[in-house]
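The values are calculated or read from the model by the stated rules, or taken from the named source; none is laboratory data. Since the model is a prediction, treat every value here as computed from it, not as a measurement. Quick reminder, even Gly has a Cβ in these numbers, built from the backbone with ideal geometry, and neighbours come from all protein chains shown. Accessible surface areas use protein heavy atoms only, side chains included; no ligands, DNA or RNA. Shrake-Rupley method; radii C 1.70, N 1.55, O 1.52, S 1.80 Å.
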Amino acid sequence: MESNRKLTSNFVNPFGIGALFLLAVLFYHFGLPDAAGPALLFALLFLLAWLWNRFALSHLTIQVLANRLCAFPGSTLNLPCQVFNQKLLPLMWMEVLFSLRENGCVLPAAPENEKPVWDNHLDKEVPGACARLTWLLWHQESSLEIPMKAIHRGVCSFSEVYAASGDGFGLGVKETCLPLESISQLVVYPAILPIQIGGLVQNISDLEAGRGGFLEDVTLLKMNRAYQPGDSVKRIGWRQLARQNTLMTNVYETIFPKMMTFYLDLPSFRTKTTEKNDLNGQDAIRWQPLADKRETMISITASCILKLTDSGICCGLVIPGYASFPSVIHYPGRHGSETEELFYSLAAISYQAEDGIFPDAELIHNPSSFGTFCVITCSWDSMSVSNEVLSLMSRVMVITEEETKQDSFCPWRLIHKEEQTIKQSDERK
């Protein structure tokens, strides 16, 4: 797909070239050979430029060598690309360009990599990232990298790439859009905040016992071993001691990892306003997103997951659906619930102020699979999680962004944002 922008000289086309050839013939016919020569020279030059631009970007393949690159805000990542010229015609220069969304999560890291791109889908210029190659010879393969800087949480996906090239005289430049074999993504994780998790794990008795976040089932005996000083009295095999007069310690099966699931209550991060409809005079309800508060709580969620995982707690994540986006459920301790996958789901949230699609049926079906159920919400009185779901969970905690007068009526343990985060002054101490 070619660009709609005018990038070439007005003479680098069949009509301009034909006009120059006609002008050269007329000059020669009327006895002006000194003028006919330059006209013919320019006609040949524009003809070569037109042929070059016509075939320069044919049989060209561009690939992105990474399907997913991840980074935290403020860091730099390189977008690796490979270019293969599959024809005899060499390229004096070539640019590889990727279109970026306005206010996107990534930007080019250096000014020389910034260049507007004509987006054929939007039919307008958008910010872009580019890198240039010089002299790509026939059937030559070359690699390049575009340095990008992560700005804020989000996912930037590429399904196509733009290529630009032209002749060495600057008479014509051609742009074309090439599809990628697979979608490539630049993922910017939520910002990590300094937090404390004492309030989250105070009900989990084994955390400080050095058991790596796992529980033991005393009904499943794994083995016996000789007693060692320091072994708990509860683990002594009293029956074996009575029968064989040998002091042994029971070792039980580890069957249940300590788990915590975070429920991100997205519909709570919006506020309702009422406006008069000019047509019928009735009140119209408008929902406005609380973007700053939502982003803060998403960062707190990511920070808790990271710190709890380092402490041996298996973490899960539940994100209700909205608009055309389905609900996301990551069960703790299962495949697909690694920290990277949880962070990706948090990075991919594009919620504004839509109505939520709640996965109540999945949560009610097997509530024991979620462990401690931690609701991340804007405030207790705006929480949209079903009471039926919460009543089935073994342990429930609520982390809020705002304090309200209704907090004292919360039947579960409620933690405010200020209790969870560590101020910079406290961190220095």
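Each peptide among 185-195, 111-121, 25-35 gets the average number of other Cβ atoms lying within 10 Å of its residues, and from highest to lowest they stand as 185-195, 111-121, 25-35.
Please figure out what share of the DSSP beta bridges in segment 249-401 is antiparallel and state it in percent, rounded to the nearest 5. Each step should come with its number before you reach the end.
Values: 13 of 29 bridges.
Of all bridge pairs located within segment 249-401, approximately 45 percent are antiparallel.
Rolling a 1.4 Å probe over the heavy atoms of the protein chains gives segment 284-429 an accessible area of 48 Å² per residue.
Residues of segment 32-168: accessible area per residue at 1.4 Å, in Å²? Provide the component values of the computation, followed by the final result.
Numbers: 6760 Å² over 137 residues.
Computed with neighbouring chains in place, this is 49 Å² per residue.
Rounded to the nearest 20 debye, what is the charge dipole size of segment 1-148 about its Cα centre when +1 sits on each Lys and Arg Cβ and -1 on each Asp and Glu Cβ? Show your work: numbers first, answer last.
Working: 9 positive and 11 negative charges, 38 e Å.
The dipole of segment 1-148 has a size of about 180 debye.
Of the residues Ala323, His416, Leu44, the one whose Cα sits farthest toward the positive end of the charge dipole of the chain, with +1 on the Cβ of Lys and Arg and -1 on the Cβ of Asp and Glu, is His416. For segment 84-189, what class follows from the C-alpha gyration tensor (a ≥ b ≥ c being the square roots of its eigenvalues): rounded when a/c is under 1.5, otherwise prolate if a/b is larger than b/c, else oblate? Here segment 84-189 falls in the prolate category. Structural size metrics of segment 94-146, computed from C-alpha coordinates, are Rg and Dmax of 12.7, 39 Å.
For segment 1-157, give me the percentage of DSSP beta bridges that are antiparallel, rounded to the nearest 5 percent. Roughly 100 percent of the beta bridges in segment 1-157 run antiparallel, per DSSP. Rolling a 1.4 Å probe over the protein heavy atoms of segment 305-349, with every protein chain left in place, gives an accessible area that is 55 percent carbon and sulfur. Decide, for segment 275-429, between rounded, prolate and oblate: order the square roots of the alpha carbon gyration tensor eigenvalues as a ≥ b ≥ c, take rounded if a/c falls under 1.5, and otherwise choose prolate if a/b is larger than b/c, else oblate. Since a/c reaches 1.5 and a/b is larger than b/c, the shape of segment 275-429 is classed as prolate.
Report the FRET efficiency, 1/(1 + (r/R0)^6), for Ser159 and Thr246, where r is their Cβ-Cβ distance and R0 is 56 Å, rounded to 0.05. Kindly include the intermediate steps, with their values, before the conclusion.
Details: r = 69 Å, r/R0 = 1.23.
After rounding to 0.05, the efficiency reads 0.20.
With 0.36 nm allotted per residue and the present C-alpha distance subtracted, the Lys276-Gln140 stretch has 42.5 nm of extension available. For Lys293, a cut-off of 30 angstrom between C-alpha atoms picks up these lysines, skipping any fewer than 8 places away in its own chain: Lys149, Lys258, Lys272, Lys276, Lys307, Lys405, Lys417, Lys423, Lys429. Simple spin-label estimate for Leu89 and Asp381 gives 7.0 nm between the two label positions (7 Å along the Cα-to-Cβ direction from each Cα). Rounded to whole numbers, the Karplus 3J(HN,Hα) couplings from phi for segment 93-108 are 8, 7, 10, 10, 10, 10, 7, 10, 6, 5, 6, x, 7, 10, 9, x Hz, using 6.51 cos²θ - 1.76 cosθ + 1.60 with θ = phi - 60°, and x at Gly and Pro. The packing ranking, built from the mean of other Cβ atoms within 10 Å per residue, places the peptides 362-369, 157-164 in the order 157-164, 362-369, highest first. Each peptide in 133-140, 397-404 gets a packing score, the mean of other Cβ atoms within 10 Å over its residues, and the list from highest to lowest is 397-404, 133-140. Largest mean-square fluctuation among Thr296, Thr246, Thr273, in a Gaussian network model of the chain whose springs join Cα atoms under 10 Å apart, belongs to Thr246. 3J(HN,Hα) couplings calculated from phi for segment 181-194 with the Karplus curve 6.51 cos²θ - 1.76 cosθ + 1.60 (θ = phi - 60°) are, in sequence order, 5, 9, 6, 10, 10, 9, 10, 10, 5, x, 5, 8, 9, x Hz; Gly and Pro show x. Residue-wise HN-Hα couplings along segment 242-252, as the Karplus relation 6.51 cos²θ - 1.76 cosθ + 1.60 with θ = phi - 60° gives them from phi, are 6, 7, 10, 6, 10, 7, 10, 10, 7, 10, 9 Hz; Gly and Pro carry x. For the chain, DSSP calls about 75 percent of its internal beta bridges antiparallel.
Per DSSP H run of at least 4 residues, take -39500 (n - 2.57); add these up for the chain, divide by its residues and hand me the 222 nm value, nearest 500 deg cm²/dmol.
Values: 10 runs with 100 residues, N = 429.
Calculated mean residue ellipticity at 222 nm is -7000 deg cm²/dmol.
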